[in-house]
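Take a look at the structure below.
Each value in this text was obtained by applying a stated rule to the coordinates, not by laboratory testing. Note that the structure is predicted; figures quoted are calculated from it, not measured. Here the Cβ positions follow ideal geometry from the backbone for every residue, glycine too, while neighbour counts run over all protein chains shown.
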Amino acid sequence: MINKSKVITHRGLEPTKIHFFSESSYEAFRDHLSRGFAGIEFDPILTRDGIIVCHDTNLTRVTSGKDTRNIIELTTTEVLSTPLPNGRIPTLDEVMNMIRDSNSTSNALHLKARLQNQELLEKLIGALKKHEDILERLIVFDVKGETAKKLKRVYPKLRLAASIAHPYDIERYNGSVGGTLMTIDEAIALKQLQLIDGVWGDEWDTIGENGTSKQFYTKDNFDRLHDAELFVALVTPELHNTSPGLYGGESHADARDTKTLFARIQQIKEAGADYFCTDYPEEVASLK
């Protein structure tokens, strides 16, 4: 079995549970952290005077269009007073404190490209200082090389992961994510410089060049990464198909239905992946 110790829940989502808590809500994270998974995946974003956790840069989608304000233009108090359908938006401190109070070991902090400029990165580095006792329980992913240098200088024990993808996916989607995608060779080069500890796999779809098909999550690729002493965490195919708030308009064929999806995740497990970030945590944890 994959078991829960290898499963990272994605944005507090769990579509198989009717009336589950809202995406990236305090309540969803608290629920997932109480159930024995490796950890949660979450997205810090700056307000005018602090850091909260939300996938989007504005409130439009999470409030179903009722509030369209940009988060960076609001105070933390203003953001926290914005109601979600079933829960509330948490601060970064609240999420980190929930992690501290849980038995989780591998929580994925998504350091989006927009947070990797000097000014915003320094704010995040400062915010993590009070949580230095639990930084080993984080995986900070999507890091660029220069960002990794800065983070390792301040927090050498912090686990960092570069986002890797198939070259054709990098060509098509790297602009959508701010240039954070890299090849396996580029990730191994960062490991040789002792700047990263693992990789965060992104298989955007199965479409290859000139009408061909492709797979990025393969045993050969995972073996190369493990030989370089990198752990392999990845997003499962539905995150590039049915998860809300997609960046590139992609549609992963392996997530066209849950039967196909779970069969593919089983193959990915057999190929040797270490961590699975998914919208279906219980189902993935139970795969053989």
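Annotations for the structure displayed:
- Packing-based ranking of 84-97, 166-179 yields 84-97, 166-179, ordered from highest to lowest mean Cβ neighbour count within 10 Å.
- The relative contact order of the chain, computed from alpha carbon pairs under 8 Å that lie at least 6 residues apart in sequence, is 19 percent.
- Within the same chain, lysines fewer than 8 places from LYS130 are excluded, and of the rest, those with a Cα less than 26 Å from its Cα are LYS112, LYS144, LYS149, LYS150, LYS152, LYS157.
- Global geometry of region 159-288, whether rounded, prolate or oblate, following the gyration tensor of its Cα atoms and the 1.5 cut on a/c: oblate
- Placing +1 on each Lys and Arg Cβ and -1 on each Asp and Glu Cβ, with no other charges, gives region 1-97 a dipole about its Cα centre of roughly 360 debye.
- Pairwise centroid distance, computed over Cα atoms, of region 117-186 with region 257-281, Å: 24 Å
- Of LEU109, GLY126, VAL143, farthest towards positive along the dipole that unit charges on Lys, Arg, Asp, Glu beta carbons give region 108-179: GLY126
- Across region 220-279, the relative contact order, built from alpha-carbon pairs under 8 Å that are at least six residues apart, equals 45 percent.
- Between ASN86 and ASN117, the FRET efficiency estimated from the beta carbon spacing at R0 = 25 angstrom works out to 0.15.
- Candidates ARG30, ARG48, ARG11, ranked by Gaussian network fluctuation over the chain, Cα under 10 Å, top entry: ARG48
- SER64-SER286 pseudo-label distance in nm [points 7 Å out on the Cα-to-Cβ vector]: 3.0 nm
- Of all lysines in the structure, those lying under 24 Å Cα to Cα from LYS214, and not within fewer than 8 positions of it along the same chain, are LYS259, LYS269.
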